[in-house]
Amino acid sequence: MPDASGLIGRDRELRLLTDMIDSVRDEGAALVVVGDPGVGKTSLLRAAAAHGKSVGSTVLSVVGVEAEVHLPFAGLHQLLRPVLAETHRLPTPQRDALHAAFGMRLSDAADGGAPELFMIGLATLNVLTDVAARQPLLVVVDDVQWLDRPTQDVLGFVARRIGSDPCALIGVVRAGHDIAFAAADLPQLNLGRLAEQDARELLHKHAADLGYADRERILREAAGNPLALTELPLALRSASRLAAEYRERPPQRLQLTARLERAFAARLGDLPPLCQDALLVAAVDDTDDLREIIAGATILAGQPARIAVLEDAVAAGLIRFDDFHAHFRHPLVRAAIINKESVARKQAAHEALAEVLAGEPYRRIWHRAQSVDGQDDEVADEMERAHTIPLRRGSVSEVIWALERSAELTTDSATRGRRLMLAAEHSFGLGRADLVDQLLERAGRTSLSRLDQVRMQWLREIFHDGVPGDAGHVLTLCEAAQEAIDAGDSTLALNLLQAAGLRCWWADTGPAARVRVCEVARRIERPPGDAQLTAIFSIADPLGEYRTVAESLAAVRLEGISDPAELWLYGMAAAATADPVRSVDFLGRAEIVLRQQGRLGLLSQVLTMSVIDSMEIGDWEHAWAASEEGRRLAVDTGQVIWDAGSQALYAMLLALRGDHEQALAIAAEVERSTAGRRLSNLLACGQLARGFAHLSAGRHADAYRALRRLFDPDDPAFHVHERFHGVSFLAEAAVRAGRADEVRTVIADLEAEAVTVRSPILVRQLTYARAVLAPDDTAEEAFLAALSADLTRWPWLQARLELAFGQWLRRQRRVAEARRPLHSAQLTFDLIGARSWSEATRIELRAAGGRSPAAAEQPTGLASLTAQELQIARLAAQGLSNKEIGERLYLSHRTVGSHLYRIFPKLDVSTRAQLATLLGAREAAGGA
């Protein structure tokens, strides 16, 4: 058990942890403990671990070490080392991803590519939950801030997903460290200073021999910090040199952490030189392996060293042994050693370790890079070559560090700049706009080649393609793309043109800029229908290039494409040209492949892009689930740039489902997020959400005003594509608000556009507008023409047409004829979850003499499921096992089972077969 004195004054906090551990048989939990150095976090964690063992839990632990922060997955490997045998139970892609992260042997099926971080996360989650399934599991993580970044990301991924498993995770973070794990929306326990009475009790145990004045001074200086109350009395008794310095420089001028470092450093001077050498090697080493430390000490000292040389350090309370591992008493001991030693001595220690690690290329060059004083091209070149090692292990953050260090060691300015730009490209993959900007600023001070200058232009662009209305910048990007074409770098040219196209998409840059993007794109030698070229044409000029894009998409065979990025680009092109059926098909296939590959960053974008088109074709269940998961994964992967767009789509969904006020509030927040910038795409989505909300609430005049803005070219909310989603709603609002005559001009203009731009959304929504705006003598013909089209994949539009037709028939006193379309419309509205439209149809049906049961006050059946429960239900109905569903949704199979346990009673089913029957009947009715 831990020293009980370390827990004085921590009864409440310890009880909270032990209660959490005791309750994991019912539900999992994660907790972040935050506090200043020396406040007792480690003592509390050790007590929690001891309690876990005493109640029969399996305990896995890892301690972050600052020297390991650049070694990919070092912390995760330490954590999972006792249970690595469990990895044989994992699906092959997960097992290979985890083994690649640890540099272990892969299966014959492995493709040799870099594993996705979140596939590693899912593998870790499944290993831990498999262990927990046999015996409750406690994971304790000390000094999370000193773990390597990939391990932190994996632990955050796991912590957010263990709620249904008998697993507890407690992570300790030093206060003041802004790391993703501490900001992962997990419960936090803030560990503060001890109360005065508790501080006096602890001091009495360690300083009973000191005089009253000394004890009071220590109490003042320790300020309730337990480590200070333990260590400062030892410092006061230490060598006269330190005592003299302590009196000369009043301790209150130093931070408490610095005083504690001095207290630890005071003991170092009394240790034998060989012991000090071994401690220095241990301090700069990235593992706690005693054999490695002693081998390094032998080289540093130039004489043989044995483990026994560290016994004096153990006696001084600086380190402790654990089998063949050496652990520092506290991280501040390591810091004290490093701060006390000279730069030359630290470099010599790194050089010694590099010599020891001849068989581990990445660790060897890492330590060698730390041993260099100034620039060294040989080490720099080796460091650049070595950056592929962490890349193969899936650790992009370590790749960036290796390239940065390589650049620092490089003498040639152009080579240094190229290495910094390569680091910036990898930083973009992490979603780190701040790091990209910082690296590019440094690269800009080097002598870059002209092509590298062009590449820098693209890198500066990739986080800022939403700057609106800047036609001049679009033309500059086109010039840069032309330079890349002339230099034979078509990939860079395409990237630059895609950035230019996105500027045209987010805001109106005028026809000249749109045309120029497409002109330059046509100069790139790519096969006809190339995915990236097709996407560029679609986003740069969706109207002018409609025929080009439509022909390319028509020639694509979906089943012949396996690259998810290619599927995503074709899906983007289909969405930009308002072809929701093709868009959903491409993006749906991309979603499947991305889930298999664990590429959650791109998956979040694919899910978000699919939301509005899923709404258009009536698959509101997928739209709802994609919206929720897309936003969650965007947070997981740090893609805040997608937040405003996903919020606008979420507002549309809420509006159509009848949650009017919440939809309006989110739409207003989306508009505020544009901060006055003319981001017409976002503003258009916000206006669509407003229009849908007002229309479903029966506020037709407000709906008309909101939607009319989408069709005014002088309005900031005008967008050439997004307005197509509002055509039928504008016509409906205009008729109900008594403004049909006003809107006919708008519809006539759109009819003229539709002659050349045959976008499916525009064409079909115009059939609705024609019907509701038609005079009575031609209305029936217009409705029948609209309903005679193939609307198999358009149940939402078909139901709205049936409702409008039924209303028209009833107004013509043809009530018996009105019942059939009204009944069909109500069934579809109920199925897809359009509550406001369903209630309006019920009222019409009763007025026509038809029977219609009242809507339930509380959601029942599928409507009662959360977005995630709905996803799980649909996958289970398709015959997927819990493990397969978990692989798709990045959940443990036990979490999936827990969800199904709650889903079955909500749907009044007891087997998967009944679930499949229920959902199969529902989808068949929705597609009819």
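The values are calculated or read from the model by the stated rules, or taken from the named source; none is laboratory data. Every value quoted in this text rests on a predicted model; they were computed, and no experiment measured them. Counting neighbours? That spans all protein chains shown, and the Cβs are built from the backbone with ideal geometry, glycine included. With ligands, DNA and RNA removed, areas are computed over all heavy atoms of the protein, side chains included. Shrake-Rupley method; radii C 1.70, N 1.55, O 1.52, S 1.80 Å.
Data for the structure
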quantity	calculated
Dimensionless Rg over Rh [segment 571-640; C-alpha; Kirkwood]	0.96
Using alpha-carbon coordinates, inclination of helix 835-847 to the longest axis of the chain, degrees	30
Interchain or long-range residues, amide H under 5 Å from residue 59's placed H	138
Rounded Å value of the spacing that divides the Cα centres of segment 707-721 and segment 505-558	22
Surface accessible to a 1.4 Å probe, residue 895 within the full protein complex, Å²	10
Accessible-area ranking of 908, 702, largest first, probe 1.4 Å	908, 702
Segment 330-377 - Rg over Rh from alpha carbon coordinates, Kirkwood radius	1.04
Nearby lysines by direct alpha-carbon distance to residue 205 (threshold 25 angstrom, same-chain neighbours under 8 apart not counted)	41
Alpha carbon centroid spacing (whole Å) that separates segment 786-857 from segment 156-223	63
Cα-Cα P(r), segment 497-654, percent of pairs per 10 Å interval	11, 39, 37, 12, 0
With eigenvalues of the C-alpha gyration tensor scaled by 5 and rooted, segment 246-394, Å	29, 19, 14
Residue 581 paired with residue 753, simple spin-label distance in nm, labels 7 Å along Cα-to-beta-carbon	2.2
Cα pair count fraction exceeding 24 Å, expressed as % - segment 606-715	20
Calculated Rg and Dmax of segment 296-345 using C-alpha coordinates, Å	11.9, 31
Rel. contact order, % - alpha carbon contacts under 8 angstrom, at least six apart, the chain	8
Contact order normalised by residue count of segment 66-184, Cα under 8 Å, 6+ apart, percent	30
Most to least packed among 285-297, 443-455 [average Cβ atoms within 10 Å]	285-297, 443-455
Using distinct alpha-carbon pairs, which all enter the 1/r mean, Kirkwood radius of segment 263-341 in Å	12.1
Per-residue HN-Hα couplings for segment 404-409 [Karplus 6.51, -1.76, 1.60; θ = phi - 60°; Hz; x = Gly/Pro]	4, 5, 4, 5, 4, 8
Ranked packing of 375-385, 127-137, most packed first, by mean Cβ within 10 Å	127-137, 375-385
Taking N as its residue count, the alpha carbon Rg of segment 103-229 over 2.2 N^0.38 Å	1.55
log₁₀ of I(q)/I(0) at q = 0.08, 0.14, 0.21 Å⁻¹ - segment 8-167, Debye sum with one point per alpha carbon	-0.24, -0.71, -1.43
For segment 869-886, Karplus couplings with θ = phi - 60° (6.51, -1.76, 1.60), whole Hz, Gly/Pro x	4, 5, 4, 5, 4, 5, 5, 5, 5, 7, x, 6, 6, 4, 5, 5, 5, x
Efficiency of FRET between residue 843 and residue 592 - r from beta-carbon atoms, R0 41 angstrom, step 0.05	0.50
Long-range amide H partners of residue 169 with built H, under 5 Å	29, 30, 31, 139
Calculated from backbone phi, Karplus (6.51, -1.76, 1.60) coupling profile of segment 814-822 in Hz, x at Gly/Pro	9, 5, 5, 5, 5, 5, 5, x, 5
Reference-scaled alpha-carbon Rg (2.2 N^0.38 Å with N residues) for segment 802-842	1.08
Segment 345-430 pair-distance distribution - Cα-Cα, 5 Å bins, rounded %	3, 16, 26, 24, 18, 10, 3, 0
Descending Cα extents along the principal axes, segment 388-448, whole Å	31, 23, 13
Packing rank of 790-797, 759-766, where each peptide gets the mean count of other beta carbons within 10 Å, highest leading	759-766, 790-797
Contact order relative to length of segment 661-704, as percent, for alpha carbon pairs under 8 angstrom and 6 or more apart	37
Ratio Rg/Rh, restricted to segment 703-766 and using Cα atoms, in which Rh is the Kirkwood radius	0.93
Built amide H within the under 5 Å cut-off of residue 188, gap 5+	32
Whole-Å distance, taken between Cα centres, linking segment 338-368 and segment 730-781	74
R0 of 51 Å, Cβ-Cβ distance residue 788-residue 92: FRET efficiency to nearest 0.05	0.50
Kirkwood-Stokes translational diffusion coefficient of the chain, alpha-carbon pairs, 20 °C, 1.002 mPa s, µm²/s	68
Three semi-axes of the equivalent ellipsoid, segment 667-784, Cα gyration tensor, whole Å, largest first	25, 17, 11
Degrees separating the helix 471-486 axis from the principal Cα axis of the chain, which is the longest one	70
Rg/Rg_ref, segment 733-888, where Rg_ref = 2.2 N^0.38 Å and atoms are Cα	1.26
Residue among 498, 521, 761 farthest towards the positive dipole end of the chain, charges placed on Cβ	761
Two-decimal log10 I(q)/I(0) for segment 466-513, as the Debye equation yields it once each C-alpha is a single scatterer, q = 0.21, 0.22, 0.24, 0.25 Å⁻¹	-0.62, -0.67, -0.76, -0.80
Angle in degrees between helix 117-134 and the longest Cα principal axis of the chain, rounded to the nearest 10	70
